[in-house]
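All remarks here apply to the structure that follows.
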Amino acid sequence: MKTILLFLILSSVCFSQSSKDLIGSWQAAPHVAAGYDDTFTFNDDGTFYYFNNQMNCANREVGYGGTWQLIGKSVYLTVTYSDIEKGGRLEPSDGSCGSDSMLVGSTIVKTLIFPFEQEVLKIANYKIETEDGADRYTMEINNRKHWYFSKFEY
């Protein structure tokens, strides 16, 4: 069974999370550019999706998804599928990518994962920060800061 375990490590100045607090998208960049950076999206129906950075246009690994559940200070992700770019060819980037090359003519294929795998991620410093005159929720996932967005569609 593939389960990703997210440990929530909170300091005394941070807030305690409930499942509702995690619903939405958590991106590893404060703003959305031409594509998403590494992003977790937690849905209120108990499903989630993880996007790999879309600015690497040569990456065949799009992301993965499954279900999630908050238990105490841990979030359990059960990964049931991944999305992979199949076919196509690499060409020089047209300038909209952060990579030197990009896939052209590929198709995203959903691949079921069985048996599920396990992975552990740590989350720390869940808090509100003021940025550009607005309050934003942030937290670290594996020591990398993520910013809250209401929800990215995929």
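The values are calculated or read from the model by the stated rules, or taken from the named source; none is laboratory data. Bear in mind the structure is a predicted one, so any value in this text is a computation, not a measurement. Here the Cβ positions follow ideal geometry from the backbone for every residue, glycine too, while neighbour counts run over all protein chains shown.
Points worth noting:
- Residue list for segment 38-53, restricted to those being under 25 Å from T107 (Cβ atoms) and either at pLDDT below 90 or touching a Leu at 6+ places or on another chain (Cβ under 7 Å) (or both): F48
- Top-ranked residue in segment 112-132 [being surrounded by fewer than 11 Cβ atoms within 10 Å (Cβ to Cβ) and assigned to a strand (DSSP E or B); ranked as modelled with the highest pLDDT]: L112
- A single member of S99, S106 is over 28 Å from N125 (Cα atoms) and either touching a strand residue (DSSP E or B) at 6+ places or on another chain (Cβ under 8 Å) or among the hydrophobic types (A, V, I, L, M, F, W, C) (or both), and it is S106.
- The lone criterion from (1) among the charged types (D, E, K, R); (2) outside any loop (DSSP other than H, G, I, E, B); (3) in contact (Cβ under 8 Å) with a residue 12 or more places away in the chain left unmet by D135 is number (3).
- Residue selected from segment 61-83 under the condition surrounded by fewer than 17 Cβ atoms within 10 Å (Cβ to Cβ) and out of contact with any Gly (no Cβ under 7 Å at 6 or more places or on another chain), by the criterion modelled with the lowest pLDDT: G72
- Residue match in segment 44-55 (condition: farther than 21 Å from N143 by Cα, without any contact (Cβ under 8 Å) to a residue 60 or more places away in the chain and β-branched (V, I, T)): yes
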